[in-house]
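Heads up, the thing below is written out as C-alpha cells.
The values are calculated or read from the model by the stated rules, or taken from the named source; none is laboratory data. The structure presented is a predicted model; accordingly, all values stated were derived computationally and were not measured. Cβ coordinates were reconstructed from backbone atoms using ideal geometry, including for glycine residues, and neighbour counts include every protein chain displayed. Accessible surface areas use protein heavy atoms only, side chains included; no ligands, DNA or RNA. Shrake-Rupley method; radii C 1.70, N 1.55, O 1.52, S 1.80 Å.
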Amino acid sequence: MLARVWSASIVGIDAVKVGVEVDVSGGLPGIVVVGLPDTAVQESRERVKAALKNAGFAFPLRKIVVNLTPADLRKEGPSFDLPISVGILAASEQVSPDLLGDYLFLGEVSLDGNLRPVAGVLPIAAAAQKLGIVGLVVPADNAREAAVVQGLSVYGFKHLADVADFLNEPERYLPVQINGLHELSHSKFNGPDLKEVKGQAHARRALEIAAAGGHNLIFVGPPGSGKTMLARRLPGILPPLSFEEALEVTQIHSVAGLLKDKGTIISDRPYRSPHHSASGPSLVGGGSFPRPGEISLAHHGVLFLDELTEFKRDVLEFLRQPLEDGCVTISRTKQSVMFPAQFTLVASTNPCPCGYFGDTIQACSCSPRHREQYWAKLSGPLMDRIDLQVAVNRLKAEEITRQPMGEESTLVRERVKTARDRARLRFKSEPTVRCNAQIQSRHLGKWCQLDDASRSLLEGAIRKLGLSARASDRILKVARTIADLAGDEDLKTHHVAEAIQYRTIDRMQ
C-alpha cells in the first residue's frame with residue numbers, strides 16, 4: 001500500500017515543502033530511502049524501525065521504499081523521522097490516512113518512540129501557512145515556537161503513540177494557542193543599563209546616535225577605558241523589535257537551532273560577540289549546507305567585535321558586502337542561499353600595540369612605524385563603512401570615585417524611539433529603508449539637503465581628512481540622525497559639524 005505524508009526542508013532560512021512517499025509491498029524485508037537523503041536521513045531507517053517496535057506498533061516485515069520529493073533537493077537532518085514513521089503506519093493501515101494531505105509532520109524520533117525537538121520549525125510553519133497547509137504536527141517542545149504563526153493549527157506531541165491517536169481520533173485534541181503579539185508587548189529588557197557608566201559623555205552621545213540611526217560605531221581607547229562596557233549597553237537603548245522584526249530574528253535563530261531555551265519568540269534585539277579567533281565562515285555563515293553565521297544571528301541587533309585589530313584581515317573583509325547590502329549570499333556548487341544581515345556593527349580597539357597612545361595617564365612605548373602597521377590591519381573601505389569613530393579616554397581617579405551615575409537606558413531609549421519614529425514617517429514611501437543608516441545615495445539630495453555654510457564645512461572636511469565619497473555620504477546620514485534627535489527637519493551647520501567630528505580618527509596611525 002502507498003501512503004503520502006508532507007514534511008519540509010530548510011534552504012537558507014526558507015522552507016521547501018517535501019513529500020514523503022512510503023510504499024509497503026512484497027519483497028525481502030528492509031527499508032530503502034531515496035531522494036537525495038543525507039547521512040542523518042539514511043540513519044532514520046534504524047531509528048524508525050526501533051521506535052515503532054518499542055512504541056507497540058507492528059513493523060511490516062516487507063519491503064519498504066521511502067521516496068523524498070522533489071528528488072533533486074538535498075534532504076538533511078533528523079526531522080524526517082516522524083513523517084517516515086507516520087507514512088509506514090499509514091501504509092500498513094495502522095493509522096487513518098484521512099488527515100495526511102492537510103497536515104505537515106516534523107520531528108526526530110527516539111528509539112523508545114519519544115519525539116525530540118528539531119531546528120527550523122518556525123520558518124517551516126510560516127511557509128506552511130502560506131502554502132495553505134491546515135496544520136502542523138511537531139514534537140511538544142517545538143509546539144509553542146510553531147504556534148506563533150497565526151492561521152495554522154499546531155499540535156505538539158511527546159510520543160509516537162500520541163500522534164497515532166491524533167490521526168485516528170483528531171477531535172480529542174486541541175491545537176496549541178499562542179499570542180505572539182501579547183508576549184512581545186509584555187517582554188522587558190533585562191540587560192545592562194547605561195546608568196552604570198560614569199562620565200564618558202562623548203561616548204554616550206555617540207552610542208545614542210548609533211542607536212537612533214542604526215549607524216556602525218567603533219570605540220578607540222586604552223585598556224580599562226570602558227569600551228566593552230559601553231558596547232554591551234547598546235541593546236538596552238535600541239527601540240523594541242516590531243512583530244515582523246521579531247519573527248525574522250526568531251526564524252534565523254530557529255534555523256541555527258538556538259531556540260530551545262528562548263521560549264516562543266525572541267523579544268530582545270540580538271547581541272552577538274564572536275571571539276577574535278573566529279573564522280570567516282563562522283562570521284558570515286557557510287558549510288556544506290549553509291547555515292547562518294554571527295552576522296545573520298545579529299540581524300536587527302548588534303554585532304560587537306572586541307579587539308577589532310586582533311581579527312584576521314581577510315575575516316574582516318568578509319564584512320564589507322553585508323555592511324553595504326544588509327544581507328549575505330553564500331554560493332555553493334548546487335545551491336545559493338541568502339541570509340539577512342541588517343545589524344549595527346560596534347567595534348573596539350586599542351590605539352596602538354601597547355594600548356596607550358594618546359593616554360593621559362600612561363606613556364605609549366610604540367614607534368610610529370609600529371602604530372602604522374597596527375592600523376594597516378583595518379582597510380580603508382572597511383573604515384569608510386563605520387560611521388562613528390570615537391576616542392574613549394580613561395577616567396581619572398576623582399571621576400571614578402566622585403562622579404554620579406549616568407542617565408538610565410530607559411530615558412535614552414525613549415529619545416531614540418522618537419528619533420526613529422520621525423525617520424520612519426519620512427521613509428513611509430520607501431519600505432526597504434527603516435533607519436537613517438539605510439538611506440541610499442539617491443535619496444541624500446531629498447532627505448539630507450545642505451545650505452551653503454554646511455556644504456562648505458563638509459567640503460573642507462573632505463579635503464582635510466581625505467575622505468572618500470562613501471565616507472562623506474555617511475557623514476550626511478549621521479547628521480540626519482543628529483537632526484532627528486534634536487527634532488529638526490532641516491540639517492543645520494552644527495548637525496554637520498558634530499557628524500564630522502566622528503570621523504577624526506579615520507586615518508589614525
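List of remarks:
- Within segment 1-146, percent of DSSP bridges classed antiparallel, to nearest 5: 65 percent
- Acute angle (nearest 10 degrees) that the helix 39-54 long axis makes with the longest principal axis of the chain, alpha-carbon atoms: 50 degrees
- Label point 7 Å beyond Cα of Q440 along Cβ direction - residues of segment 230-256 with amide nitrogen under 12 Å: none
- In segment 145-260, taking the dipole from charged Cβ atoms about the Cα centre, the farthest positive-side position among F243, L167, A203 is held by A203.
- Per-residue HN-Hα couplings for segment 455-470 [Karplus 6.51, -1.76, 1.60; θ = phi - 60°; Hz; x = Gly/Pro]: 5, 5, 4, 5, 4, x, 5, 4, 5, 6, 8, x, 6, 7, 4, 5
- Nearest-20 debye value, the chain charge dipole, Cβ charges on Lys, Arg, Asp, Glu: 1300 debye
- For Y356, the residues whose amide H sits under 5 Å from its own are S365, ignoring neighbours fewer than 5 places away on the same chain, with H placed 1.01 Å from N.
- Those trypsin sites (Lys or Arg not before Pro) in segment 420-453 that DSSP places in a loop and that have at most 11 other beta carbons within 10 Å: K428
- Between the helical axis of 243-255 and the longest alpha-carbon principal axis of the chain there is an angle of about 60 degrees.
- Integer Hz, Karplus 6.51/-1.76/1.60 couplings in order for segment 111-119, x for Gly and Pro: 5, 8, x, 6, 9, 10, x, 10, 8
- Computed FRET value (nearest 0.05) for R463 with S367, which takes r as the C-beta separation and R₀ as 41 Å: 0.90
- For segment 395-509, diffusion coefficient by Stokes-Einstein and Kirkwood Rh (Cα), 25 °C, 0.890 mPa s, µm²/s: 155 µm²/s
- Anchor K188: lysines whose Cα lies under 20 Å away (excluding residues fewer than 8 positions away in-chain): K260, K262, K417
- Per residue, segment 274-422 exposes an accessible area of 47 Å² to a 1.4 Å probe, with every protein chain left in place.
- Among V337, C352, F318 - extreme Cα towards positive end, dipole of segment 279-355, charges at beta-carbon: V337
- Note on exposure: H159, H275, H215 ranked by accessible area (1.4 Å probe, complete protein assembly) read H275, H159, H215, with the most exposed listed first.
- Total charge dipole magnitude, segment 1-138, about the Cα centre, Cβ charges on Lys, Arg, Asp, Glu only, Debye to nearest 20: 140 debye
- Convex hull of Cα atoms in the chain, direction-averaged projection (nm²): 27.1 nm²
- By the Cβ distance rule of under 4.7 Å, the chain has these cysteines without a partner: C327, C354, C364, C435, C448.
- Each DSSP beta bridge with both residues in the chain is either parallel or antiparallel, and the antiparallel ones are about 50%.
- Here the Karplus curve 6.51 cos²θ - 1.76 cosθ + 1.60, taken at θ = phi - 60°, turns the phi angles of segment 8-18 into couplings of 7, 10, 8, 10, x, 10, 9, 10, 10, 5, 10 Hz, with x standing for Gly and Pro.
- Ellipticity estimate at 222 nm from DSSP helix runs (n ≥ 4, -39,500 (n - 2.57)) divided over the chain, nearest 500: -10500 deg cm²/dmol
- Note on A71/S110: beta-carbon distance plugged into 1/(1 + (r/R0)^6) with R0 of 45 Å gives a FRET efficiency of 0.95.
- Convex hull volume of segment 357-451 per residue (C-alpha atoms, cubic angstrom): 200 Å³
- Cα centroid separation, segment 347-405 to segment 168-222: 28 Å.
- The chain: angle of helix 121-130 to the longest principal axis, Cα-based, in degrees nearest 10: 80 degrees
- Accessible surface, 1.4 Å probe, highest first, among residues W6, W375: W6, W375
- Amide H partners (placed H, <5 Å) of G35, local residues excluded: L68
- Rg over Rh for segment 452-491 works out to 1.01, both radii taken from alpha-carbon positions and Rh defined as the Kirkwood radius.
- Directionally averaged projected area (convex hull, Cα atoms, segment 143-244), nm²: 10.3 nm²
- Segment 173-250: trypsin sites (Lys or Arg not before Pro) falling in loop per DSSP and having at most 14 other Cβ within 10 Å: K188
- Selection among L52, P70, V34 by position relative to the dipole of segment 22-70 gives L52 as farthest towards the positive end (Cβ unit charges, Cα centre).
- Within the accessible area of the chain (1.4 Å probe), percent carbon and sulfur: 50 percent
- The length gained on full extension between R470 and A397, counted as 0.36 nm times the residue separation minus their Cα-Cα distance, comes to 22.2 nm.
- Taking a point 7 Å out from the Cα of R313 in the direction of its Cβ, the residues of segment 379-401 whose backbone N falls within less than 19 Å of it are 379-386.
- Placing dummy labels 7 Å off each Cα toward the beta-carbon, the span from R332 to K492 is 5.5 nm.
- q = 0.15 Å⁻¹, segment 210-313: log10 I(q)/I(0) [Debye, one scatterer per Cα]: -0.70
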